[in-house]
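K.L.:
Please read through the structure below; I'll follow up with questions.
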Amino acid sequence: MCGITAIFAYGDSAAPVRAAELDAITESMRSRGPDAGATWIEPDRRVALGSRRLAIIDLSDEGTQPMFDVERELVIAFNGEIYNYRELRASLERRGARFHSRTDTEVVLQLYRHEGERMLPLLRGMYAFTIWDTRARRMFVARDPYGLKPLYYADDGSTIRLASEVKALLAGGVVSRAIDPAGAAGFFLTGSVPEPFTIRRDVKLVEAGTSFHIDQRGRNEPQTHHSIASVFSRARAQRGVVGLTEPEITFQERVEESIAHHLASDVPVGVFLSAGIDSSALTAIAARRYAEQLRTFTLAFEEFRGSSGDEAPIAERFAREIGTLHTTRVVTRDEFRSDLPAIFAAMDQPTIDGVNTWFISKAVHEAGVKVALSGVGGDELFGGYPSFRTVPQITRMARSPLAAIVPVFSRHPKAALLATIGRTYAGAYLLKRGLFLPHELPSIIGEEMAREGVEQLSMMKLVEKALVPDPGTPYARVATLEASLYMRNQLLRDADWASMAHSVEVRTPFVDAALLRQLAPLLLETGRVGKNVLAACLPDWLRNRPKTGFFVPMREWADLPPDATSTRMRSWAKLVWRAAT
């Protein structure tokens, strides 16, 4: 796990790479990789790579990046983990590949040598990387299927700069800090900045599941190597084989396999443990599959003590029963206020979430643990959100004669939009997940920025794009939307910045492209092998408790209005925006 940098002065008139800029970008990401750091500049100063390393696989100096292959023809800056790297390495060695380390990074290099861009579907893991090919004199850039690891770029038409953080690119002193209206509009409409936009005009995000090359002519068109919608669409043709096996057995085997892959590490592994089904089942399975005693971590808040929102007693009881070494970390209002400047500094992209991940990652770091598993993705995969019911309901309501009279009886501001945008799954999803409405933006970010931002963003088109090709069923459409939008732009991005600020790697076994391909045919209709089968490994007292969700006492901590949750989040969004800009 690392923070990576790449600069390619591809244009004839481009200035040579400056070591000072490369060093500034790379060094600004020290928390992402405190164990080692290095940079490399090609002799002609047209290409440069940098890396800060968090050592997880192969702790020796051989894992330091930027890394050359044995042949000294390929060099890589890699951020992420490849969980099937041992199998891939064995296959490559049978084909004659040679290695100088035990890292997954070098496996990626050799796989690229043998397969080129066709390598990407073979990788099981999270990644964002750049490879410079000295033979072809071009750079290859790729990002993992779900977008677990970020990679941003700024391309001025003659030089492209890439880094794991927006703020890192700005630290180089060349990329403009000007606000992007589309990024601003996207943040207030959804609570996070939708990719490929950022809040900086000249910085974009390499989209999840895509790759591209850069040569002396610049960037070529991105190629898509993974699409959640496509997986569900293809799964419709596989419905006939579902009945050939017991769905519950298939489900259990595939989930356990994914968790086992995500435990691969040369350093101790922990788990974020709440009182929910997803993290509890993840912990139970990981405790069985992990060779040592598993570490578990739970947050507690004085404001929730003795209430249904206090997950600590339940998590502690469960941890005792399965034998993990458990830590309950109490977070206070004073600590939140003390940490708030650091939270905003680390946030990179504004978001209304992520505070919980900041503090649980802080607890993991305090315990000396570098890797933690998270149950993020369980709700998106197994239908745990109310949206799996409400989004189809909204579309049916919007298509009925009642749509025209709903605004008469409802004072909710979204009611007026039901008949106009609620008829499609994209529109219904925006109504369900939206934070502010477009007509509210001028009073927040100004008339001109709001108008330009809404036009450039085309939020409806972004949502519709996630549903191409059609996933095919109501369940699959909502699962695709939640994973491609809310999870990708908010939950996964928050998990990255908040954990990396504490030099902790977060792994998400339920967010796994191979697992999705395996389970999609079983999940098309109702997710019928979802939560119930996942919960089968849990004791009755935990399995049968009602879902409560995980909350941080933001109202008390940040002095937010004592109104509905949506109102508090709108107030928090304005506070975050002021800090971000």
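K.L.:
M139 is checked against (1) under 23 Å from the mean Cα position of the chain (by Cα); (2) surrounded by 20 or more Cβ atoms within 10 Å (Cβ to Cβ); (3) among the aliphatic types (A, V, I, L, M) and fails just one. What number does that condition carry?
P.N.:
The single condition M139 does not satisfy is (1).
K.L.:
Moving on. Do the conditions hold for A514, that is, is it at pLDDT 95 or above, within 21 Å of the chain's Cα centre (by Cα), open to solvent by less than 50 Å² (accessible area, probe 1.4 Å) and over 28 Å from G183 (Cα atoms)? Write out each step before concluding.
P.N.:
On the way: at pLDDT 95 or above: yes; within 21 Å of the chain's Cα centre (by Cα): yes; open to solvent by less than 50 Å² (accessible area, probe 1.4 Å): yes; over 28 Å from G183 (Cα atoms): yes.
The answer is yes for A514.
K.L.:
Looking at (1) open to solvent by less than 10 Å² (accessible area, probe 1.4 Å); (2) free of Cβ contacts under 8 Å to residues at least 40 places away in the same chain, which is the only condition G116 fails?
P.N.:
(1)
K.L.:
Just to be sure, is R423 part of a loop (DSSP other than H, G, I, E, B), of a type in the set (K, R) and either open to solvent by less than 50 Å² (accessible area, probe 1.4 Å) or over 29 Å from T508 (Cα atoms) (or both)? Before the answer, list the steps.
P.N.:
Values: part of a loop (DSSP other than H, G, I, E, B): yes; of a type in the set (K, R): yes; either open to solvent by less than 50 Å² (accessible area, probe 1.4 Å) or over 29 Å from T508 (Cα atoms) (or both): yes.
So R423 passes the test.
K.L.:
Identify, please: which residue in region 293-316 is part of a helix (DSSP H, G or I) and in contact (Cβ under 8 Å) with a residue 60 or more places away in the chain and is, among those, nearest to G270 (Cα to Cα)?
P.N.:
Pass one, region 293-316, residues part of a helix (DSSP H, G or I): 302-304, 312-316.
If we keep only those that are in contact (Cβ under 8 Å) with a residue 60 or more places away in the chain as well, we get 303-304, 314.
Values: E303: 26, F304: 25, I314: 18 Å.
In this case the residue turns out to be I314.
K.L.:
Considering only residues that are aliphatic (A, V, I, L, M) and within 21 Å of the chain's Cα centre (by Cα), which ones fall in region 259-280?
P.N.:
Here is the first cut: in region 259-280, the ones aliphatic (A, V, I, L, M) are 259-260, 263-264, 267, 269, 271, 273, 275, 277.
Of everything in region 259-280, those that are aliphatic (A, V, I, L, M) and within 21 Å of the chain's Cα centre (by Cα) turn out to be I259, A260, L263, A264, V269, V271, L273, I277.
K.L.:
Taking S13 and the conditions (1) open to solvent by 60 Å² or more (accessible area, probe 1.4 Å); (2) in a strand (DSSP E or B), which numbered condition does it fall short on, given that it satisfies the others?
P.N.:
Evaluating S13 over (1) open to solvent by 60 Å² or more (accessible area, probe 1.4 Å); (2) in a strand (DSSP E or B) leaves (2) as the failure.
K.L.:
Looking at region 163-170, can you tell me whether even one residue there is open to solvent by 10 Å² or more (accessible area, probe 1.4 Å), touching a residue at least 12 places away in the same chain (Cβ under 8 Å) and in a loop (DSSP other than H, G, I, E, B)?
P.N.:
Within region 163-170, the first condition is being open to solvent by 10 Å² or more (accessible area, probe 1.4 Å), and the residues that meet it are 165, 167, 170.
Filter once more, keeping what is touching a residue at least 12 places away in the same chain (Cβ under 8 Å): 165, 167, 170.
Next, from what is left, pick out any that are in a loop (DSSP other than H, G, I, E, B): 165.
Among the residues of region 163-170, at least one is open to solvent by 10 Å² or more (accessible area, probe 1.4 Å), touching a residue at least 12 places away in the same chain (Cβ under 8 Å) and in a loop (DSSP other than H, G, I, E, B), which makes the answer yes.
So that you can scan it fast, the table gives a plain yes or no per residue for (1) aromatic (F, W, Y); (2) part of a loop (DSSP other than H, G, I, E, B); (3) in contact with a helix residue (DSSP H, G or I) (Cβ under 8 Å, 6 or more places away or on another chain):
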residue: Y385; (1), (2), (3): yes, yes, yes
residue: T395; (1), (2), (3): no, no, yes
residue: L418; (1), (2), (3): no, no, yes
residue: K432; (1), (2), (3): no, no, yes
residue: H439; (1), (2), (3): no, no, no
residue: I444; (1), (2), (3): no, no, yes
residue: M449; (1), (2), (3): no, no, yes
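K.L.:
For region 171-196, enumerate the residues that are part of a loop (DSSP other than H, G, I, E, B), open to solvent by 30 Å² or more (accessible area, probe 1.4 Å) and touching a residue at least 40 places away in the same chain (Cβ under 8 Å).
P.N.:
G173, V174
K.L.:
Tell me the residue from L417, L435, L441 that is more than 30 Å from I277 (Cα to Cα) and surrounded by fewer than 21 Cβ atoms within 10 Å (Cβ to Cβ), please. Lay out the reasoning, then the answer.
P.N.:
Details: L435 fails: more than 30 Å from I277 (Cα to Cα); L441 fails: surrounded by fewer than 21 Cβ atoms within 10 Å (Cβ to Cβ).
Going through L417, L435, L441 in turn, the sole match is L417.
K.L.:
Turning to a different aspect of this structure: Which one of L88, L74 is at pLDDT 95 or above, among the aliphatic types (A, V, I, L, M) and open to solvent by less than 10 Å² (accessible area, probe 1.4 Å)?
P.N.:
Values: L88 fails: open to solvent by less than 10 Å² (accessible area, probe 1.4 Å).
So the residue among L88, L74 that is at pLDDT 95 or above, among the aliphatic types (A, V, I, L, M) and open to solvent by less than 10 Å² (accessible area, probe 1.4 Å) is L74.
K.L.:
Same structure, new question: Taking E207, is it modelled with pLDDT of 95 or more, acidic (D, E), over 23 Å from L523 (Cα atoms) and open to solvent by less than 40 Å² (accessible area, probe 1.4 Å)?
P.N.:
Details: modelled with pLDDT of 95 or more: yes; acidic (D, E): yes; over 23 Å from L523 (Cα atoms): yes; open to solvent by less than 40 Å² (accessible area, probe 1.4 Å): no.
No.
K.L.:
Next question. Can you find even one residue in region 235-255 that is aromatic (F, W, Y) and either under 22 Å from K531 (Cα atoms) or modelled with pLDDT under 95 (or both)? Step through it out loud before you land on a result.
P.N.:
Step one: list which residues in region 235-255 are aromatic (F, W, Y), which gives 251.
Checking the rest, the ones that are also either under 22 Å from K531 (Cα atoms) or modelled with pLDDT under 95 (or both) come to 251.
Taking every residue of region 235-255 in turn, at least one turns out to be aromatic (F, W, Y) and either under 22 Å from K531 (Cα atoms) or modelled with pLDDT under 95 (or both).
K.L.:
Next up: Quick check on this structure: which one of V331, V364, V391 is surrounded by 23 or more Cβ atoms within 10 Å (Cβ to Cβ), at pLDDT 95 or above and out of contact with any strand residue (DSSP E or B) (no Cβ under 7 Å at 6 or more places or on another chain)?
P.N.:
Details: V331 fails: out of contact with any strand residue (DSSP E or B) (no Cβ under 7 Å at 6 or more places or on another chain); V364 fails: out of contact with any strand residue (DSSP E or B) (no Cβ under 7 Å at 6 or more places or on another chain).
Result: V391 is the single residue among V331, V364, V391 that is surrounded by 23 or more Cβ atoms within 10 Å (Cβ to Cβ), at pLDDT 95 or above and out of contact with any strand residue (DSSP E or B) (no Cβ under 7 Å at 6 or more places or on another chain).
K.L.:
Follow-up question, since we're still on this one. Does A372 satisfy the condition of being crowded, with 17+ Cβ neighbours inside 10 Å, modelled with pLDDT of 95 or more, closer than 30 Å to N532 by Cα and not β-branched (V, I, T)? Step through it out loud before you land on a result.
P.N.:
Working: crowded, with 17+ Cβ neighbours inside 10 Å: yes; modelled with pLDDT of 95 or more: yes; closer than 30 Å to N532 by Cα: yes; not β-branched (V, I, T): yes.
Yes.
K.L.:
Return yes or no: is R219 within 30 Å of A9 (Cβ to Cβ) and of a type in the set (K, R)? Working first, answer last.
P.N.:
Values: within 30 Å of A9 (Cβ to Cβ): yes; of a type in the set (K, R): yes.
Yes; evaluated as a whole, the condition is true for this residue.
Here is a yes/no grid of residues against (1) more than 24 Å from G384 (Cα to Cα); (2) open to solvent by less than 40 Å² (accessible area, probe 1.4 Å):
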position: V255; (1), (2): no, yes
position: R288; (1), (2): yes, no
position: F304; (1), (2): no, yes
position: E311; (1), (2): no, yes
position: R317; (1), (2): no, no
position: T324; (1), (2): yes, yes
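K.L.:
Quick one: P509 ticks every box in (1) open to solvent by 30 Å² or more (accessible area, probe 1.4 Å); (2) part of a loop (DSSP other than H, G, I, E, B); (3) modelled with pLDDT of 90 or more except a single one, so which number is it?
P.N.:
Result: P509 passes all but (1).
K.L.:
While we're here: Could you please give the count of residues in region 215-238 that are assigned to a strand (DSSP E or B), touching a residue at least 24 places away in the same chain (Cβ under 8 Å) and out of contact with any Lys or Arg (no Cβ under 9 Å at 6 or more places or on another chain)? Don't jump to the end; show me each part of the working.
P.N.:
To start, the set of residues in region 215-238 that are assigned to a strand (DSSP E or B) comprises 215, 218-219, 223-224.
If we keep only those that are touching a residue at least 24 places away in the same chain (Cβ under 8 Å) as well, we get 215, 218-219, 223.
Now narrow it down to the ones that are out of contact with any Lys or Arg (no Cβ under 9 Å at 6 or more places or on another chain): 218-219, 223.
Within region 215-238, residues that are assigned to a strand (DSSP E or B), touching a residue at least 24 places away in the same chain (Cβ under 8 Å) and out of contact with any Lys or Arg (no Cβ under 9 Å at 6 or more places or on another chain) number 3.
K.L.:
Enumerate the pairs (first residue in region 464-476 and farther than 19 Å from D379 by Cα; second residue anywhere and open to solvent by 20 Å² or more (accessible area, probe 1.4 Å)) with beta-carbon separation below 7 Å, excluding pairs fewer than 6 apart on the same chain, so at least 6 apart or on different chains.
P.N.:
Short answer, once both residue conditions are applied: P469/S230; P469/S233; D470/S233; G472/S233; G472/R236.
The values are calculated or read from the model by the stated rules, or taken from the named source; none is laboratory data. Values in this document were obtained by computation on a predicted structure and should not be read as measured data. Reconstructed Cβ throughout: ideal geometry from the backbone, glycine too, with neighbour counts over all protein chains shown. When the accessible area is computed, the model is the full protein with side chains, heavy atoms only, and any ligands, DNA or RNA have been set aside. Shrake-Rupley method; radii C 1.70, N 1.55, O 1.52, S 1.80 Å.
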